[in-house]
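Okay, so here's the structure we're looking at.
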Amino acid sequence: MSQQLTIEGEGFGPDVPVSTDCFIGAERVAGEGEPFEVTSPIDGRSLGTMCSASAAQVERAVRAATAAFPAWAALGPQRRKEVLMRFAQGISARKAELSVVETRDNGSLLIANQKRLVDRAAQNIRFFAEFACDAPPVMIAGHVDNHVHHAPAGVAALITPWNAPLMLSTWKVGPALAAGNTVVLKPPEWAPLSCSMLADIAQQAGIPGGVFNVVQGTGSVTGQALIEQTGLARISFTGSTDTGRRVGKAAAESVTPASLELGGKSPFIVFADANLDEAAKTVAAQFGNAGQVCLAGTRVIVDARVAEDFERRVRKAAEPFVVGDPRTRGVRVGPLIHPRQLERVDGFVQRALAQGAKAMIGGGPAEQGGLYYQPTILHKVEQQSEIVQHEVFGPVLTWQTFGSEDEALRLANGTEYGLAAMLYTGSAGRAERVAAGLVAGTVWVNCFFVRDLAAPFGGARSSGIGREGGQHSFDFFCDIKNVAIARDSFTEES
Ligand code: NAD
C-alpha cells in the first residue's frame, strides 16, 4: 500500500490523494533516502513528506528500465501508440486533479493549468506517439542507396525543473517512450507531486512495468545518483545552467548523449516602427508564472526615440498583472516557488538598486508578504551589471534604450545566454535582418510563446546543448544508423 498525502481542493477543485512513494518496476516503493517536506508556495503550508530514492534505489530503477527495454522496443511504434494514447487520455481525464495539485505544489496559475498546461501535457504524449508512427523512412540516393534507421536507444534518464513539472516532464517522456525507450524520471523536489500522479496514470494506461519509473528526491542525492548510473543510453535535462554543467560532466564521463535545456536572459527588442500597444502587452506578459519562465524576455531593449511613450504603455499594460493567490480569478502573478527563490530574486533587485538602478515599477516584495513579489522593471542599468547579465527567474525585467539597429543587436547578444529573443517591428526587412543577427534558439517576431510541438526548441551558448521538438526529440532518443547498399548488388529478392 502506497503512502499518500492529500491535496485539498478548498473549493477550487477536487481533493486529490497523491502517492509520496517512488514508482519502480511495476510498483510503488517507499524511499530509503532522507524524506523531504513539500510546502506550498501559496501560503507556506506543509503538504506532507515525500520519500526520497537512495542511490541503490536509483540503480534498481535503471535495472527495471533496462529489463523492460527489449519488449517495449520490440512492440513497434503502432502498438506503443495504442498504449500511449491511453496514457494521454488518462492525463486529460484527470485535468481537474492535476491542475489543483500542480497549482498547490508550484504556485502556477490554476487557470493556466486548467486551460492550457494539462492539455499540453496530454498533447506532448499524443503528438510523439503519432510522430513515431508517421515518421517517413529516410532514403538518401547518392553513390549508394542509404537507408536511415531510427532504433530505440535504451534507458533514458529524464530530469525536470519545478516551474512547469508536468508539462516539461511529458515533453521528454512523450518522445522517449514513443521512440521505444524506457525511462527513469527524476521530478523536481520543490514540486514533485504531478509527476507522482503521472506514474499512476501510466500504470492505469497499461504501460508495462519498468517502462516508466519515477525516482523522487533532491538533485544533489537522487539526481546526482541518476546521472552517474552506468547503462544509461540518454540523459535529458531541463534546469539551471549550473546544474546543466554538472549533468554535462557526468554524461561526458560515461559518453552518454545528453540534451541540456538551460537558463536564459532573453532580450525583448522594440523598434520605433512596431505596434507599441501589442509590444507593451507582451512585455507585461513576461510577468506570467511570476517570471519563472526560462524563455521570458527579461531584458527590454527599446528604441530611444519612443522609449518614453513606450514606458507609458508598458505601465498601463502591467496594471492587470495583479499579484495574489494563483487560484483566485483575476490574479495574474502568483508566488515565487520557495523562500530561497524569494531571497535570490530580491537579492538581485536590491543589489541593482544599490548600484544605481531605478525601479520603473515594483522593486521589492509584494504587500501580501509570503513569497509574493511585485512585478518589477529596473532602468538605468549598465550592460555589464549583474542584473543585466544573470538570470533572475522572477518577475523582474530590465530596461535599456538603443540608438541604432547595431546597438540593439549588441545589447541583445551581450550576455552568456542564447535561449530566446523577442523582436517587435513593423518592417519585414528589419525583422529578417535582426532575427538573423540574434544569438538565440528561438526568435519570436511580433509574437511570444508560440511553441509548435514540431518546431525545434533549445538554447545557444550557456542556454544549452541540443534541441527538443518534433524530429529533434525523436532523433535524440534514437540510435540513428545508416545502411549503405551498393546499387544492383543483390541477386535475390528476399
Ligand atoms: P535546477 O538546475 O536547480 O534543478 C533542475 C532539476 O535538476 C531538478 O529536478 C533538480 O533536483 C535536479 N538536480 C539538481 N542538482 C542535480 C544534480 N547534481 N544532478 C542531477 N540532477 C540535479 O533548476 P530549477 O531551479 O529546478 O529550475 C529553474 C531553472 O531551469 C532556470 O534556470 C530555468 O531557466 C531553467 N529552465 C530551462 C528550461 C528550458 O527549456 N531551457 C525550461 C524550464 C526551466
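The values are calculated or read from the model by the stated rules, or taken from the named source; none is laboratory data. Treat the numbers as computed from the prediction; the structure is a model and nothing was measured. Virtual Cβ from ideal backbone geometry, glycine too; neighbours counted across all protein chains shown. To get the accessible areas, we keep the full protein, side chains included, count just its heavy atoms, and leave off ligands, DNA and RNA. Shrake-Rupley method; radii C 1.70, N 1.55, O 1.52, S 1.80 Å.
Which condition from (1) farther than 19 Å from Gly210 by Cα; (2) open to solvent by less than 10 Å² (accessible area, probe 1.4 Å); (3) β-branched (Val, Ile, Thr) is the one that Ile140 breaks?
So the condition that Ile140 fails would be (2).
Taking the stated definitions as given, is Ala68 more than 29 Å from Phe449 (Cβ to Cβ), surrounded by 17 or more Cβ atoms within 10 Å (Cβ to Cβ) and touching a helix residue (DSSP H, G or I) at 6+ places or on another chain (Cβ under 6 Å)? Before the answer, list the steps.
Numbers: more than 29 Å from Phe449 (Cβ to Cβ): yes; surrounded by 17 or more Cβ atoms within 10 Å (Cβ to Cβ): yes; touching a helix residue (DSSP H, G or I) at 6+ places or on another chain (Cβ under 6 Å): no.
No: the conditions fail for Ala68.
Do the conditions hold for Leu342, that is, is it buried (at least 19 other Cβ atoms within 10 Å of the Cβ), within 23 Å of the chain's Cα centre (by Cα) and more than 23 Å from Leu419 (Cα to Cα)?
On the way: buried (at least 19 other Cβ atoms within 10 Å of the Cβ): yes; within 23 Å of the chain's Cα centre (by Cα): yes; more than 23 Å from Leu419 (Cα to Cα): yes.
Yes, satisfied.
Here is a list: Ala26, Ala88, Ala65. Which entry is under 28 Å from Asn163 (Cβ atoms) and touching a Gly at 6+ places or on another chain (Cβ under 8 Å)?
Ala65
I'd like to know if the range 372-381 contains one or more residues that are within 30 Å of Gly44 (Cα to Cα), outside the structural domain of Ser108 (by TED's automatic domain parsing), assigned to a loop (DSSP other than H, G, I, E, B) and in contact with a Phe, Trp or Tyr (Cβ under 7 Å, 6 or more places away or on another chain).
Let us first name the residues in the range 372-381 that are within 30 Å of Gly44 (Cα to Cα), namely 372-378.
Next cut, outside the structural domain of Ser108 (by TED's automatic domain parsing) only: 372-378.
From what is left, the residues that are assigned to a loop (DSSP other than H, G, I, E, B) are 372, 374-375.
Now drop any that are not in contact with a Phe, Trp or Tyr (Cβ under 7 Å, 6 or more places away or on another chain), which leaves 375.
Yes, the range 372-381 contains a residue that is within 30 Å of Gly44 (Cα to Cα), outside the structural domain of Ser108 (by TED's automatic domain parsing), assigned to a loop (DSSP other than H, G, I, E, B) and in contact with a Phe, Trp or Tyr (Cβ under 7 Å, 6 or more places away or on another chain).
Test each condition in (1) in contact with an Asp or Glu (Cβ under 8 Å, 6 or more places away or on another chain); (2) more than 22 Å from Ala258 (Cα to Cα) for Pro77 and report the one that comes out false.
Checking Pro77 against (1) in contact with an Asp or Glu (Cβ under 8 Å, 6 or more places away or on another chain); (2) more than 22 Å from Ala258 (Cα to Cα), the one that fails is (1).
Is it the case that some residue within the range 349-364 is under 22 Å from Ala191 (Cα atoms), assigned by TED's automatic domain parsing to the domain that holds Arg430 and either open to solvent by less than 60 Å² (accessible area, probe 1.4 Å) or not aliphatic (A, V, I, L, M) (or both)? It would help to see each step written out before you state the result.
As a first pass, look at the range 349-364 and keep what is under 22 Å from Ala191 (Cα atoms): none.
No.
If I filter the range 152-164 for residues that are closer than 24 Å to Trp72 by Cα, in contact with a Pro (Cβ under 9 Å, 6 or more places away or on another chain) and surrounded by fewer than 24 Cβ atoms within 10 Å (Cβ to Cβ), do I get at least one hit?
Within the range 152-164 (the criterion being closer than 24 Å to Trp72 by Cα, in contact with a Pro (Cβ under 9 Å, 6 or more places away or on another chain) and surrounded by fewer than 24 Cβ atoms within 10 Å (Cβ to Cβ)), the answer is yes, since at least one residue qualifies.
So which strands (runs of 3 or more DSSP E) stay within the range 413-494 end to end and still have 1 or more residues that are within 16 Å of the ligand (Cβ to nearest atom)?
Numbers: elements: 420-424, 442-445, 478-485.
Filter on the range 413-494 gives 420-424, 442-445.
Could you tell me which of the residues Ala88, Ala73, Ala96 is within 18 Å of Gly11 (Cβ to Cβ), out of contact with any Phe, Trp or Tyr (no Cβ under 8 Å at 6 or more places or on another chain) and modelled with pLDDT of 95 or more? Break it down into steps so the answer makes sense when it comes.
On the way: Ala88 fails: within 18 Å of Gly11 (Cβ to Cβ); Ala73 fails: within 18 Å of Gly11 (Cβ to Cβ).
Of Ala88, Ala73, Ala96, the one residue that is within 18 Å of Gly11 (Cβ to Cβ), out of contact with any Phe, Trp or Tyr (no Cβ under 8 Å at 6 or more places or on another chain) and modelled with pLDDT of 95 or more is Ala96.
How many residues are out of contact with any His (no Cβ under 8 Å at 6 or more places or on another chain) and in a loop (DSSP other than H, G, I, E, B) if we restrict to the range 112-137?
Filtering the range 112-137 for residues out of contact with any His (no Cβ under 8 Å at 6 or more places or on another chain) gives 112-134, 136.
From the residues that got through so far, the ones that are in a loop (DSSP other than H, G, I, E, B) too are 136.
Matching residues across the range 112-137 total 1.
I need every pair where a residue in the range 250-262 that is within 11 Å of the ligand (Cβ to nearest atom) has its Cβ under 9 Å from the Cβ of a residue that is assigned to a loop (DSSP other than H, G, I, E, B) and β-branched (Val, Ile, Thr), sequence separation at least 6 or different chains.
Matching pairs, first to second residue: Ala250/Thr256.
Which one is farthest from Asp346 (Cα to Cα) among residues in the range 392-414 that are open to solvent by less than 30 Å² (accessible area, probe 1.4 Å) and within 21 Å of the chain's Cα centre (by Cα)? Spell out how you get there, then give the answer.
Taking the range 392-414 and keeping what is open to solvent by less than 30 Å² (accessible area, probe 1.4 Å), we get 392, 394-400, 402, 408, 411-412, 414.
Still in the list and also within 21 Å of the chain's Cα centre (by Cα): 392, 394-397.
Numbers: Val392: 9, Gly394: 9, Pro395: 10, Val396: 9, Leu397: 13 Å.
It comes out as Leu397.
Which residues, taken from the range 16-45, are among the small types (Gly, Ala, Ser), under 28 Å from Ala68 (Cα atoms) and touching a residue at least 60 places away in the same chain (Cβ under 8 Å)?
Correct list: Ser19, Gly25, Ala26, Gly31, Gly33.
Name the pairs: first residue in the range 189-203 and within 21 Å of Leu84 (Cα to Cα), second residue within 13 Å of the ligand (Cβ to nearest atom) and among the hydroxyl-bearing types (Ser, Thr, Tyr), Cβ to Cβ under 7 Å, at least 6 apart or on different chains?
Qualifying pairs under 7 Å: Cys195/Ser169; Leu198/Ser169.
Tell me, please, whether a residue that is under 25 Å from Phe393 (Cβ atoms), at pLDDT 95 or above and surrounded by 19 or more Cβ atoms within 10 Å (Cβ to Cβ) can be found in the range 423-435. If you could, list the steps in order and put the result at the bottom.
Going through the range 423-435, the residues under 25 Å from Phe393 (Cβ atoms) turn out to be 423-424.
Of the ones still in play, those that are also at pLDDT 95 or above are 423-424.
Adding the requirement that they be surrounded by 19 or more Cβ atoms within 10 Å (Cβ to Cβ) leaves 423-424.
Yes: the range 423-435 contains one or more residues that are under 25 Å from Phe393 (Cβ atoms), at pLDDT 95 or above and surrounded by 19 or more Cβ atoms within 10 Å (Cβ to Cβ).
Open to solvent by 20 Å² or more (accessible area, probe 1.4 Å) and away from the ligand (no atom under 16 Å from the Cβ) - does that describe any residue in the range 282-295?
yes
Output the residue which, of all residues in the range 438-465 that are more than 19 Å from the chain's Cα centre (by Cα) and open to solvent by 30 Å² or more (accessible area, probe 1.4 Å), is nearest to Ser259 (Cα to Cα).
The initial filter retains those residues of the range 438-465 that are more than 19 Å from the chain's Cα centre (by Cα), namely 438-439, 445-447.
Filter once more, so that each one left must be open to solvent by 30 Å² or more (accessible area, probe 1.4 Å): 439, 445-447.
Working: Val439: 19, Val445: 26, Asn446: 29, Cys447: 27 Å.
Among residues in the range 438-465 that are more than 19 Å from the chain's Cα centre (by Cα) and open to solvent by 30 Å² or more (accessible area, probe 1.4 Å), the one nearest to Ser259 (Cα to Cα) is Val439.
Given the structure, is Ala307 part of a strand (DSSP E or B) and open to solvent by 10 Å² or more (accessible area, probe 1.4 Å)?
Criteria not met by Ala307.
Name the pairs whose Cβ atoms lie under 9 Å apart, with the first residue in the range 444-459 and closer than 14 Å to Trp171 by Cβ, the second surrounded by fewer than 17 Cβ atoms within 10 Å (Cβ to Cβ), and 6 or more positions between them or separate chains?
Ala454/Gln471; Pro456/Gln471; Phe457/Arg451
Please state which of the following conditions Phe128 fails to meet, knowing it meets all the rest: (1) open to solvent by 10 Å² or more (accessible area, probe 1.4 Å); (2) more than 22 Å from Thr6 (Cβ to Cβ).
(1)
Any residue at all in the range 169-182 that's closer than 30 Å to Pro335 by Cα, free of Cβ contacts under 8 Å to residues at least 60 places away in the same chain, open to solvent by 10 Å² or more (accessible area, probe 1.4 Å) and polar (S, T, N, Q)?
Scanning the range 169-182, I find no residue that is closer than 30 Å to Pro335 by Cα, free of Cβ contacts under 8 Å to residues at least 60 places away in the same chain, open to solvent by 10 Å² or more (accessible area, probe 1.4 Å) and polar (S, T, N, Q), so the answer is no.
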